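I have placed the structure first, in the form of structure tokens, so that the comments after it can refer back to it.
Bear in mind that the values in this text are calculations on the coordinates, not laboratory data. Owing to the predicted nature of the structure, the values given are computational and were not obtained by experimental measurement. Virtual Cβ from ideal backbone geometry, glycine too; neighbours counted across all protein chains shown.
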């Protein structure tokens, strides 16, 4: 589960941009830049990544990765205006020299102004300028602890899902939920699963909410569901302006399904 909300990360990204918008030199402030880059996402660089990591290249010569997070990220950085093709080639050469367990999913190259991020698992490449960093923060969700969301066709609700709903009913019944409230709660959950499956909710938003926003032990799942049900019952223009970014993605559901709070 991520520690920071996307709203907080966006605000940090804007502050980070203001501070670094005029930097040009490769070496003078590079390490400070990436230390603060990681702080945007609430993570200390020291905990996960090292600078100038030694690596043997394919020609058996020694190389040094600008920033290396084992199994996750390689960064190659150049001074402003330098050809990023060279940085890219260098990064992939270093990649080939790593051991199997060290191979990262992401490669980032930059010259302070231009950024290119490669997702090797998905074979995707993203390019943007530093002035648009705050618009592209979700590309770096892996730093903050967010899982990348891969969208795919899902099978509709089946017998197994029905069995799981039955088990959930039994478990909640033991916790002294009143029958009407319990049945209403399960209908709402079933609707949310259906909405994910049929596209009423964009990009499996309900699944994302449960998997990435709630605690692993489930201790705050009820709180998040209560907030979600309120949001679904509130028209877009009437919602709080400081609403969590994840909840903002959900549409208004007209009708009485989400009208009253479940006790």
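Observations on the structure shown:
- When the Cα atoms of the range 6-144 are aligned to their principal axes, the ranges along those axes come out at 43, 28, 27 Å in descending order.
- For the range 211-263, projected area of the alpha-carbon convex hull averaged over all directions, nm²: 4.2
- Under the simplified labelling scheme, the residue 180-residue 31 pair shows an inter-label distance of 6.6 nm, with each label point 7 Å from Cα along Cα→Cβ.
- With Cα atoms as the point set, the radius of gyration and Dmax of the range 69-148 evaluate to 12.5, 36 Å.
- The range 6-144: relative contact order as a whole-number percent, Cα under 8 Å and 6+ apart: 23
- Label-to-label distance, residue 79 versus residue 92, with points set 7 angstrom from Cα along the beta-carbon direction: 2.6 nm.
- Additional length obtainable on full extension of the chain from residue 39 to residue 18, 0.36 nm per residue less Cα span: 6.1 nm
- Here the gap between residue 239 and residue 57, fully extended at 0.36 nm per residue and compared with their Cα-Cα distance, gives a gain of 60.0 nm.
- Fully extending the segment from residue 190 to residue 223 would add 10.1 nm, taking 0.36 nm per residue of separation and subtracting the current Cα-Cα distance.
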